[in-house]
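Peer 1: Provided herewith is a single structure, encoded as structure tokens, for subsequent inquiry.
The values are calculated or read from the model by the stated rules, or taken from the named source; none is laboratory data. Keep in mind that what you see is a predicted model, and the values were worked out from it rather than measured. Neighbour counts run over all protein chains shown; Cβ positions are idealised from the backbone, glycine included. These area figures cover heavy atoms from the full protein model, side chains too; ligands, DNA and RNA do not enter into them. Shrake-Rupley method; radii C 1.70, N 1.55, O 1.52, S 1.80 Å.
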Amino acid sequence: MANRLALFDCDGTLVDSQHTIFRCVEIAFARAGLPSPGRVAARRVVGLSLLPAMRMLAPGVHADLHVQLTEDYKAAFQKMRGDGLVDEPLFDGIVDALDALEADGWILGVATGKSDRGLDLCLRHHGLRERFVTLQTADRHPSKPHPSMAHQAMAEAGASPETTVMIGDTSFDMVMGVAAGARAIGVDWGYHPGEELLAAGASQIVSHARELREAML
């Protein structure tokens, strides 16, 4: 029988990284001589891989500038991490929710727009790296909402679409999960509102991590 896989997004679902993300966007745009797109616009693209995100944030500029913005964002993030300024706290109740799901027999995985290094550092900081059997990142896959991350996670976890649930805070997560044949559950503590998650294919919305166990039944 196929294993049951609980596949989590990271930013906006497991951790609250918005302040770091917004600051890095501001720095990247300032270095390029562009006005900041603002936090409302930045919230809309969290979850995408960096290059597609920059294309959405700066649609009227040359493709080379999208690449520059991407590299400047990475450099800003790395400097903030080196300076000890990266702030990615876990959302309330996440560890308890992971404990409950594992107790119920779920295998845990992550599918994220973060890099391999960024995800590894984030999970190790919170002592969670070894909890996740499969880690899928933007380094090895097309950007969400392409279903590649979900398909690979299922393969590595020995799960099937019917036994997989994608848990995330953006419409990109919901569309990816549904495209992979999985069920999608939206969380409303992240970047996209619940009505958008439902419109993108979420089977239901939860408002606190403590609700995840029952939602997964």
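Peer 1: Among the candidates Arg4, Arg39, single out the residue that is open to solvent by 60 Å² or more (accessible area, probe 1.4 Å) and over 29 Å from Val165 (Cα atoms). If you could, list the steps in order and put the result at the bottom.
Peer 2: Values: Arg4 fails: over 29 Å from Val165 (Cα atoms).
Just one listed residue meets the conditions, Arg39.
Peer 1: Shifting gears a bit: Can you run down the residue pairs with Cβ atoms below 7 Å, 6 or more apart or on separate chains, where the first is in region 186-210 and over 23 Å from Asp99 (Cα atoms) and the partner is among the charged types (D, E, K, R) and modelled with pLDDT under 95?
Peer 2: Matching pairs, first to second residue: Tyr191/Arg43.
Peer 1: Follow-up. Is it fair to say Ala75 is loosely packed, with under 15 Cβ neighbours inside 10 Å and either in a loop (DSSP other than H, G, I, E, B) or more than 16 Å from the chain's Cα centre (by Cα) (or both)?
Peer 2: Considered against the rule, which asks whether it is loosely packed, with under 15 Cβ neighbours inside 10 Å and either in a loop (DSSP other than H, G, I, E, B) or more than 16 Å from the chain's Cα centre (by Cα) (or both), Ala75 comes out as yes.
Peer 1: Keeping to region 171-185, report how many residues are of a type in the set (Val, Ile, Thr) and closer than 18 Å to Leu98 by Cβ.
Peer 2: Qualifying residue count, region 171-185: 1.
Table: residues versus (1) outside any strand (DSSP E or B); (2) open to solvent by 20 Å² or more (accessible area, probe 1.4 Å); (3) of a type in the set (A, V, I, L, M); (4) in contact (Cβ under 8 Å) with a residue 12 or more places away in the chain.
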residue: Gly118; (1), (2), (3), (4): yes, no, no, yes
residue: Leu121; (1), (2), (3), (4): yes, yes, yes, yes
residue: Arg124; (1), (2), (3), (4): yes, yes, no, no
residue: Glu130; (1), (2), (3), (4): yes, yes, no, no
residue: Leu135; (1), (2), (3), (4): no, yes, yes, yes
residue: Ala138; (1), (2), (3), (4): yes, yes, yes, yes
residue: Lys144; (1), (2), (3), (4): yes, no, no, yes
residue: Ala150; (1), (2), (3), (4): yes, no, yes, yes
residue: Met154; (1), (2), (3), (4): yes, no, yes, yes
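Peer 1: Here's something else I'd like to know. Here is a check on your reading of the model: is Met54 part of a helix (DSSP H, G or I), closer than 26 Å to His146 by Cα and open to solvent by less than 70 Å² (accessible area, probe 1.4 Å)?
Peer 2: Considered against the rule, which asks whether it is part of a helix (DSSP H, G or I), closer than 26 Å to His146 by Cα and open to solvent by less than 70 Å² (accessible area, probe 1.4 Å), Met54 comes out as yes.
Peer 1: Turning to a different aspect of this structure: Output the number of residues of region 160-217 satisfying the condition of being in contact with a Pro (Cβ under 6 Å, 6 or more places away or on another chain) and surrounded by 16 or more Cβ atoms within 10 Å (Cβ to Cβ).
Peer 2: Let us first name the residues in region 160-217 that are in contact with a Pro (Cβ under 6 Å, 6 or more places away or on another chain), namely 172, 175-176, 179-182.
After this cut, where a residue has to be surrounded by 16 or more Cβ atoms within 10 Å (Cβ to Cβ) as well, the list is 172, 175-176, 179-180, 182.
Of the residues in region 160-217, 6 are in contact with a Pro (Cβ under 6 Å, 6 or more places away or on another chain) and surrounded by 16 or more Cβ atoms within 10 Å (Cβ to Cβ).
Peer 1: Could you list, in sequence order, all residues of region 174-205 that are in contact with a Phe, Trp or Tyr (Cβ under 9 Å, 6 or more places away or on another chain) and not aromatic (Phe, Trp, Tyr)? Break it down into steps so the answer makes sense when it comes.
Peer 2: Here is the first cut: in region 174-205, the residues in contact with a Phe, Trp or Tyr (Cβ under 9 Å, 6 or more places away or on another chain) are 187, 189-190, 192, 200.
Of everything in region 174-205, those that are in contact with a Phe, Trp or Tyr (Cβ under 9 Å, 6 or more places away or on another chain) and not aromatic (Phe, Trp, Tyr) turn out to be Val187, Gly190, His192, Ala200.
Peer 1: In region 42-51, which residues are hydrophobic (A, V, I, L, M, F, W, C) and either over 26 Å from His141 (Cα atoms) or surrounded by fewer than 18 Cβ atoms within 10 Å (Cβ to Cβ) (or both)?
Peer 2: Pass one, region 42-51, residues hydrophobic (A, V, I, L, M, F, W, C): 42, 45-46, 48, 50-51.
Listed by number, the list holds a single entry, Leu51.
Peer 1: Say we look at region 176-195 and pick out the residues that are within 13 Å of the chain's Cα centre (by Cα) and among the aliphatic types (A, V, I, L, M); which of these is farthest from His19 (Cα to Cα)?
Peer 2: Step by step, filter region 176-195, then rank; the result is Met176.
Peer 1: Report yes if Ser143 is modelled with pLDDT of 95 or more, out of contact with any Ser or Thr (no Cβ under 8 Å at 6 or more places or on another chain) and small (Gly, Ala, Ser), otherwise no.
Peer 2: no
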